[in-house]
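**Student:** Let me give you the structure first, and then I'll get to my questions.
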Amino acid sequence: SYSALYPPATLAIVTDGLGILCVAIATIPLMQKLAFFSSFWIISIYVSVVLINPLVLSFLKPPKIRKADLEIHEDISPETAKKGAYGLLIRFLYNLSGPRAKWGVLAVIIALIFGGGYLTTTYLTVGDSSAGAAILYPDHPYNLARKKMNKDFVGASRFIVVLKGREENAIKDKATLGLMEKLGTYMVRNIDGVGGTMSLTNMVQSIYRMYHEGSPRWEMVPVVPAHLGQIFFMLSSNMAPGEMDQYVSMPDYRHSNVTAFLRDYNNASIKNAISKVKDFAKELETDKESKVEVKLAGGILGILAAVNEEVEWSYWSILIAIFVSTFLLCLFAYRSVKAAVILIIPLLAAQVL
């Protein structure tokens, strides 16, 4: 019995272990460590189940046959065994593997793999399907408060676009501040769900307006460089140490950012936001006079975008690696391409399901 069971048992354990090890393809450290630990744990089952079990059983005496067992087995004839739910199930499965039915079953499986595979890849969601609700219940006070903030305010989720300066004091330049204002307006108009933006330009404009009796007409970036320098001096001298770090790099004024507030987000909306800003950045690349370049992306949505990209790439890479390694192991175990194909087709169907 063990001689006959040795190949499939070994194959099952090794394919499980190496399949889990394929998860280490992902560059996320936690997934890599989990893959190494789990793979070792699964493959170690080979020692206890395949090797030690037959050795231990060889030292044990076979169980004695009791007379009562013989009497029970004698009462159950083959005709009796075919009746009942189990007998019906066995006959049904047997008929499915018959000379005609097997082609129909194969057609259904192929339709499931290709048709179902297309549907699953179309509707497969990577990352959060809705903001916050993936962690807590929809009626949780946190989610209710978040919905209220997103409805009545600019939004609770930050999408930060970094402006990397090409020289010192690049952010103090009037053209750079104008570019930040232009980027903020662009995101509000072109990215769905953006309730508002914030940047250093908004602070400069507010201070300049304040010094002109609060008139809305003066809410702009100063034209005179001396006025602009005076505003930056005020900002740096009236803020606590580190308080301006979220707006501009100090003391070189080289880097800054524009923050967009999204009312809601999912993987599709994050991708759309990054795509729109990349389109804006392409126009900036051709401007040789620009003192800054656009870098994506910071904030919670920037982190989620990076994670989602990595998970999506890892998912397909791991899946391909698992199927290839499983097929090769089946081929090696049974020395038959037909056997490997027969074993891999149900695996494909199971993955789709």
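The values are calculated or read from the model by the stated rules, or taken from the named source; none is laboratory data. Small disclaimer: the values here were computed from a predicted structure and weren't measured. Here the Cβ is made from the backbone with ideal geometry for all residues, glycine too, and neighbour counts use every protein chain on show. When the accessible area is computed, the model is the full protein with side chains, heavy atoms only, and any ligands, DNA or RNA have been set aside. Shrake-Rupley method; radii C 1.70, N 1.55, O 1.52, S 1.80 Å.
**Student:** What distance in nm separates the simple spin-label points at Val56 and Asn169, each placed 7 Å from Cα in the Cβ direction?
**Tutor:** Going by the 7 Å Cα→Cβ label model, 7.9 nm.
**Student:** Hey, what number do you get for the chain at 222 nm if only DSSP H runs of n ≥ 4 count, each worth -39500 (n - 2.57), divided across all residues, to the nearest 500?
**Tutor:** Details: 15 runs with 211 residues, N = 353.
Calculated from helices alone, the mean residue ellipticity at 222 nm is -19500 deg cm²/dmol.
**Student:** To continue, here is another question. Which FRET efficiency, nearest 0.05, do Ile45 and Asp192 yield, Cβ-Cβ r, R0 41 Å?
**Tutor:** Working: r = 50 Å, r/R0 = 1.22.
It comes to 0.25.
**Student:** Provide, for q = 0.20, 0.28 Å⁻¹, the log10 of I(q)/I(0) from a solvent-free Debye sum over equal Cα point scatterers in the range 206-277.
**Tutor:** Relative scattering, expressed as log10 I(q)/I(0), comes to -0.96, -1.25.
**Student:** Based on the alpha-carbon set only, what is the convex hull volume of the chain divided per residue, in Å³?
**Tutor:** It is 266 Å³ per residue.
**Student:** Evaluate the charge dipole of the range 256-311 about its Cα centre and quote only its size in Debye, nearest 20, assuming +1 on the Cβ of each Lys and Arg and -1 on the Cβ of each Asp and Glu. Please report the intermediate quantities before stating the final value.
**Tutor:** Numbers: 8 positive and 9 negative charges, 22 e Å.
The dipole magnitude comes to about 100 debye.
**Student:** Oh, and also: For the pair Asn272 and Met220, how long in nm is the line joining their label points, each one 7 Å along Cα→Cβ?
**Tutor:** 3.4 nm
**Student:** At most 10 other Cβ atoms within 10 Å plus a DSSP loop assignment makes a site exposed; report the longest stretch of the chain without any exposed trypsin sites (Lys or Arg not before Pro). Could you put the intermediate results ahead of the total?
**Tutor:** Details: sites that count: Lys64, Arg66, Lys83, Arg100, Arg166, Lys288, Arg335.
With a cap of 10 other Cβ atoms within 10 Å, the longest stretch comes to 167-287.
**Student:** Less than 13 Å from a label point 7 Å out along the Cα-to-Cβ axis of Phe323: which backbone N atoms in the range 90-110 qualify, by residue?
**Tutor:** 110
**Student:** Assuming R0 = 35 Å, what is the FRET efficiency of Leu89 and Ala306, from their Cβ-Cβ distance, to the nearest 0.05?
**Tutor:** 0.10
**Student:** Can you tell me the FRET efficiency between Lys295 and Ser236 if r is taken as the Cβ-Cβ distance and R0 is 25 Å, rounded to the nearest 0.05?
**Tutor:** The value I calculate is 0.60.
**Student:** Would you mind checking the pairs Lys151/Lys174; Lys33/Lys271; Lys151/Lys291; Lys148/Lys174; Lys182/Lys288 and listing those with alpha carbons more than 27 angstrom apart?
**Tutor:** Numbers: Lys151/Lys174 34 Å; Lys33/Lys271 29 Å; Lys151/Lys291 37 Å; Lys148/Lys174 37 Å; Lys182/Lys288 17 Å.
Over 27 Å apart, Cα to Cα: Lys151/Lys174; Lys33/Lys271; Lys151/Lys291; Lys148/Lys174.
**Student:** Taking a ≥ b ≥ c as the square roots of the eigenvalues of the Cα gyration tensor of the range 235-325, is the shape rounded (a/c under 1.5), prolate (a/b larger than b/c) or oblate?
**Tutor:** In terms of gyration-tensor shape, prolate.
**Student:** Now for a separate question. So, with a 1.4 angstrom probe, what is the percent of accessible area on the chain that is carbon and sulfur? Spell out each step's value before the answer.
**Tutor:** Numbers: 15180 of 23290 Å².
So the carbon and sulfur contribution to the accessible surface is 65 percent.
**Student:** Could I ask something else about it? About its Cα centre, how strong a charge dipole does the chain have in debye, to the nearest 20, once Lys and Arg get +1 and Asp and Glu get -1 at the Cβ?
**Tutor:** It comes to approximately 960 debye.
**Student:** Let me ask something else. Taking the simple approach of a point 7 Å from Cα along Cα-to-Cβ for both Ser336 and Tyr315, what is their distance in nm?
**Tutor:** Those two pseudo-labels are separated by 3.6 nm.
**Student:** Please quote Rg/Rh for the range 156-248 to two decimal places, taking the Kirkwood radius as Rh and restricting both calculations to Cα atoms.
**Tutor:** Reported Rg/Rh, Kirkwood definition of Rh: 0.96.
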